[in-house]
Amino acid sequence: ALFVERQRGAAQPGRVLELWLIPEGGAPVSLGVLPAASLARVEVPGALAPALTGGTLAVSDEPPGGSTTGAPTGDVLAVGPLTEL
């Protein structure tokens with residue numbers, strides 16, 4: 001699981017924030033729509049766990065329910081590398 005804390009910003013009215021895992025050298029994979037709360041626990045499917053090492057997280061602006069294409073369709077609002085603690 002990942003714990004995600006949004007420290008500023010929020011989804012625009014009628015939109016949602018979607019979290020993406022981008023494996024090193026791979027295409028984005030949705031980890032789901034983030035809740036309106038600023039702190040979220042996001043379950044990472046076991047098959048994606050290896051991609052957490054060296055991967056990147058991104059947040060995009062999407063329509064309600066999230067992207068319907070399997071890829072980000074709205075603006076990418078945040079991107080950052082995953083680091084192991």
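The values are calculated or read from the model by the stated rules, or taken from the named source; none is laboratory data. Keep in mind the model is a prediction, meaning the values are calculated, not measured. Cβ: placed from backbone, ideal geometry, glycine included. Neighbour counts: every protein chain shown. To get the accessible areas, we keep the full protein, side chains included, count just its heavy atoms, and leave off ligands, DNA and RNA. Shrake-Rupley method; radii C 1.70, N 1.55, O 1.52, S 1.80 Å.
Quick one: in region 73-85, of everything that is open to solvent by 50 Å² or more (accessible area, probe 1.4 Å) and in a loop (DSSP other than H, G, I, E, B), which residue is farthest from Gly32 (Cα to Cα)? Out of the qualifying residues, it is Leu85.
Applying the criterion of being exposed (fewer than 12 other Cβ atoms within 10 Å of the Cβ) and without any contact (Cβ under 8 Å) to a residue 24 or more places away in the chain to the residues of region 1-32, the residue that is nearest to Thr53 (Cα to Cα) is Gly25. The single condition from (1) over 10 Å from the mean Cα position of the chain (by Cα); (2) outside any helix (DSSP H, G or I) that Val4 fails is (1). Residues in region 38-72 that are open to solvent by 80 Å² or more (accessible area, probe 1.4 Å), β-branched (Val, Ile, Thr) and in contact with an Asp or Glu (Cβ under 8 Å, 6 or more places away or on another chain): 1 in all.
Given the structure, is Pro35 loosely packed, with under 11 Cβ neighbours inside 10 Å, within 18 Å of Ser67 (Cβ to Cβ) and either among the small types (Gly, Ala, Ser) or without any contact (Cβ under 8 Å) to a residue 40 or more places away in the chain (or both)? Taking the combined requirement at face value, the residue does not satisfy it.
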